[in-house]
Amino acid sequence: MKYKHIVKIVLTFTLVGLAVYFGYKKYKEYYTYPWTRDGQVRSQVIQVAPRVTGKVIKIDVVDNQFVHKGDLLFELDPEPFEIKIKQIEAEIKREKINLKGRKIEYERVKTIVKKDKGAVSQKDLIWHETNYYKSLARIDSLNEQLNAAKLNLKFTKVYASVDGYVSNINFQIGDQAVANKPILALVDKNSFWVFGFFRETMISKIKPGDRVEVVLMAYPDKVLSGVVESIGWGISHSDGNPGSNLLPKIRPVFPWIRLAQRIPVRIKLNSVPQDVQLRVGLSASVRVLTN
């Protein structure tokens, strides 16, 4: 009976000791390793815009589709650009005919001047010479316009610039696409990173190159490894911006409460398991393994 009593006491103290040990360990890890639940997955998002204005005649992708670099995304009506090329080519032919005539006249006048300087006035000689060189310059200008028109024709087909995911297709066949106005987004597959927003009191413990553990809310059983790439040098403040009557807008605060600001820490992921799909905006918990 006495033996059982001793065993119970030893077992109780052992369990309490283990609980205290693991509790202390977690407590030490919490205060030793900077940690935040305020993390988010980010990526480079390319705003795809046509470089010319035209009517959409074909859309080669669907929303959220994966595309490779160089895949065709959509096409604009090429007919107006083809007509423009033909018009410029016709102008070049006409100007070359004019050039041929002006060259003959200029050469004739120069020949006359060589034989008899008084037969042609200096004014007429300069006039013929000027017209000849104007035609040469005009042809050069038209050739540049032709190159630009051919380039614009190429721009009627818009291709993916990176491997990634098409998102937010908000146009359809028949819509008028406007030059340099984005009409869809392309999420770069190879540019994902994580932002961990740490309290300013923790920033002094974090250094570029520190190892990082990341757990996504969408994959709570997966621990992703990474490294601190950089630490933000500033954040935006809303206090002091103009409010009504152009007066500074200041938020009221309690004198005894001073909230720590959040500083973004950029984290580069080392590797991502095949069964984990990163998406822009996913929530993440981040722990930096300092020292």
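Here are some notes:
- Sorting M202, M217 from the fewest to the most surrounding beta carbons within 10 angstrom yields M217, M202.
- Most mobile listed residue (H237, H128, H68) in the chain, GNM with C-alpha springs under 10 Å: H237
- Residue order, fewest to most beta carbons within 10 Å, for L246, L259, L216: L246, L259, L216
- Over 29 Å between alpha carbons, listed pairs K181/K222; K58/K268; K100/K123: K181/K222; K58/K268
- Between L18 and I6, the modelled label-to-label distance comes to 2.2 nm, taking each label 7 Å out from Cα in the direction of the beta carbon.
- Once the Cβ-Cβ distance of S225 and N170 is raised to the sixth power relative to R0 = 35 Å, the FRET efficiency obtained is 0.40.
- For the range 159-170, 3J(HN,Hα) per residue [Karplus equation, 6.51 cos²θ - 1.76 cosθ + 1.60, θ = phi - 60°, Hz, x = Gly/Pro]: 10, 6, 8, 8, 6, x, 10, 6, 9, 6, 6, 10
- Other residues within the sphere of radius under 14 Å centred on the Cβ of S230, judged by their own Cβ, net out at +2 (K and R +1, D and E -1).
- Remark on Y159: its backbone amide H falls under 5 Å from those of L73, a criterion applied only to residues 5 or more positions apart or on other chains, H modelled at 1.01 Å from N.
- Longest segment of the chain lacking chymotrypsin sites (Phe, Trp or Tyr not before Pro) that sit in a DSSP loop with at most 14 other Cβ atoms within 10 Å: 1-170
- In nm, spacing of pseudo-spin labels at V178 and K96 (7 Å Cα→C-beta vector): 4.0
- Between the residues S141, I97, Q172, the greatest Cα displacement towards the positive end of the dipole of the range 69-176, with unit charges on the Cβ of Lys, Arg, Asp and Glu, is found for I97.
- Computed from the Cβ-Cβ distance with R0 of 22 Å, the FRET efficiency linking V45 to M217 stands at 0.60.
- Length-normalised contact order for the range 47-146 - Cα pairs under 8 Å, 6+ apart - percent: 27
- Relative contact order for the chain, counting Cα pairs under 8 Å that sit 6 or more residues apart, in percent: 30
- Taking a sphere under 12 Å around the Cβ of T156 and counting the other residues whose Cβ falls inside, with K and R at +1 and D and E at -1, yields a net charge of +3.
- Counting Lys and Arg as +1 and Asp and Glu as -1 over every other residue whose Cβ lies under 13 Å from the Cβ of F198, the net charge comes to +4.
- Of the trypsin sites (Lys or Arg not before Pro) in the range 203-255, the ones in a loop by DSSP (not H, G, I, E or B) with at most 14 other beta carbons within 10 Å are K249.
- Counted residue by residue at 0.36 nm each, then reduced by the alpha carbon distance between them, the extension gain from Q261 to Q274 reaches 1.1 nm.
- Residues whose amide H comes within less than 5 Å of that of L289, counting only those at least five positions distant or on another chain, are R211, V212, E213 (H built at 1.01 Å from N in the peptide plane).
All of the numbers you see were taken from the coordinates with simple rules; none came from a lab. None of these values were measured; they are calculated from a predicted model. Positions of Cβ are generated from backbone atoms using ideal geometry, with glycine treated the same way; all protein chains shown enter the neighbour counts.
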